[in-house]
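Here the structure comes first, spelled out in structure tokens, and everything after it is commentary.
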2 protein chains.
Amino acid sequence: MPERTELRLTPQRGAVLEVLKAADDHPTAAEVYERVRVAAPGIGSATVYRALALLVATGHALELSLGDGTAARYDANTSRHDHAVCERCGRAADIDHPVPDGMVAEIARRSGFTITGYDLQFRGLCPDCQTTGAGQDPGRWA
Amino acid sequence: MPERTELRLTPQRGAVLEVLKAADDHPTAAEVYERVRVAAPGIGSATVYRALALLVATGHALELSLGDGTAARYDANTSRHDHAVCERCGRAADIDHPVPDGMVAEIARRSGFTITGYDLQFRGLCPDCQTTGAGQDPGRWA
DNA sequence: GTGATACTGAGACTCGTTCTCAACGAGCCT
DNA sequence: AGGCTCGTTGAGAACGAGTCTCAGTATCAC
């Protein structure tokens with residue numbers, strides 16, 4: 001009873017996985033595409049998107065939506081972890097500090113939801129960006 | 001950079017704010033646009049996007065990125081709260097259960113980030129979808 | 001009224017992503 | 001070898017969400 005039809009580990013898919021494993025940042029699909037073209041010139045962006053979707057579906061990668069409307073980012077670290085995202089440069093740092101089980105259970109009880117997972121993302125300034133200060137006032141209603 | 005000038009509360013912006021206040025769900029910009037057109041026919045989508053961005057910037061609304069690649073959603077409940085998102089119907093329920101300050105401080109210390117906020121989103125099945133088991137309605141929800 | 005400027009709607013545009021489609025190729029039969 | 005099936009590919013069109021541009025309008029201070 002094959003769960004799905006057979007999948008091939010093609011050179012293109014292998015290259016995408018290699019790029020993701022080698023990345024210590026959290027590249028976007030476009031960045032993965034750029035890097036993969038070194039190892040697999042001629043690869044199409046559609047193939048990269050397909051490979052990334054496949055890696056996510058098979059549990060070999062995590063897809064991060066950093067929630068600021070920018071492109072999705074990918075992470076070869078598939079263990080449970082969260083992220084801190086810099087509001088200035090967009091860099092995402094890994095955070096390994098899970099939400100207490102008790103809190104999840106309490107929220108499930110109060111909301112009536114069956115909780116299957118969560119995404120926790122911190123916003124702020126990364127150490128690099130803290131040194132260069134700036135800010136902006138959105139104004140107020142007349 | 002030029003100094004910020006005064007903002008006007010125009011009928012269009014008022015209509016957008018009213019729609020948001022009246023919504024008990026978490027409408028997308030497109031849904032807000034649809035509803036606003038009842039009160040303000042002829043309003044353009046660009047105006048709705050601009051008004052929503054302004055409401056978010058001035059603290060009159062919250063923008064939610066549900067992290068699944070779908071459109072951003074808006075919430076007139078501006079007090080600190082999180083969301084539980086149903087994986088089947090897409091509905092988002094409000095969760096009022098803040099992350100402990102100590103945990104935020106610990107993560108700031110470990111990551112080196114200056115944490116200005118966070119987004120916590122639970123995934124799971126809402127009470128309705130738990131009972132109706134085999135739902136596959138990707139469509140709208142009231 | 002006049003001038004400055006904030007705001008508007010329409011639509012073109014960008015961006016990230018998915019879809020379509022014809023061609024390719026690995027594996028399996030004869 | 002030849003033929004077949006079907007997963008995979010690259011190119012580019014298409015899509016949805018959101019932003020930008022621009023000319024016209026509204027509102028304010030004087």
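The values are calculated or read from the model by the stated rules, or taken from the named source; none is laboratory data. As the structure is a computational prediction, the values presented were derived from the model and not from experiment. Using ideal geometry, Cβ is built from the backbone for each residue, glycine included, and neighbour counts are taken over all protein chains shown. Heads up: the accessible areas ignore ligands, DNA and RNA and are worked out on the full protein's heavy atoms, side chains in. Shrake-Rupley method; radii C 1.70, N 1.55, O 1.52, S 1.80 Å.
Looking across the range A:87-130, the residues that are part of a strand (DSSP E or B), within 7 Å of another protein chain (Cβ to nearest Cβ) and open to solvent by less than 60 Å² (accessible area, probe 1.4 Å) come down to A:ALA93, A:ILE95, A:ILE115, A:GLY117, A:TYR118, A:LEU120, A:GLN121, A:PHE122, A:GLY124, A:LEU125. Only a single item in (1) open to solvent by 50 Å² or more (accessible area, probe 1.4 Å); (2) within 11 Å of DNA strand C (Cβ to nearest atom); (3) free of Cβ contacts under 8 Å to residues at least 12 places away in the same chain is not met by B:ARG13, and it is number (3).
Matching residues to (1) more than 8 Å from DNA strand C (Cβ to nearest atom); (2) outside any strand (DSSP E or B); (3) in contact (Cβ under 8 Å) with a residue 24 or more places away in the chain:
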site	(1), (2), (3)
B:ARG35	yes, yes, no
B:GLY42	no, yes, no
B:GLY59	yes, yes, no
B:GLU63	yes, no, no
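Per the conditions (1) surrounded by 15 or more Cβ atoms within 10 Å (Cβ to Cβ); (2) assigned to a loop (DSSP other than H, G, I, E, B); (3) within 12 Å of the chain's Cα centre (by Cα), the sole criterion not satisfied by B:LEU20 is (2). Condition first: assigned to a loop (DSSP other than H, G, I, E, B), open to solvent by less than 20 Å² (accessible area, probe 1.4 Å) and more than 17 Å from A:TYR118 (Cα to Cα). Now tell me which residues in the range A:65-86 satisfy that. Those that are assigned to a loop (DSSP other than H, G, I, E, B), open to solvent by less than 20 Å² (accessible area, probe 1.4 Å) and more than 17 Å from A:TYR118 (Cα to Cα): none in the range A:65-86. Looking at the range B:28-42, is at least one residue hydroxyl-bearing (Ser, Thr, Tyr), open to solvent by less than 20 Å² (accessible area, probe 1.4 Å) and at pLDDT 90 or above? Scanning the range B:28-42 turns up at least one residue that is hydroxyl-bearing (Ser, Thr, Tyr), open to solvent by less than 20 Å² (accessible area, probe 1.4 Å) and at pLDDT 90 or above.
Looking across the range A:69-86 at every residue that is within 30 Å of B:PRO127 (Cα to Cα) and within 10 Å of another protein chain (Cβ to nearest Cβ), the one that is modelled with the lowest pLDDT is identified as A:GLY69. On the stretch given as the range B:1-27, residues that are at pLDDT below 95, more than 14 Å from DNA strand D (Cβ to nearest atom) and within 14 Å of B:THR47 (Cα to Cα) total 0.
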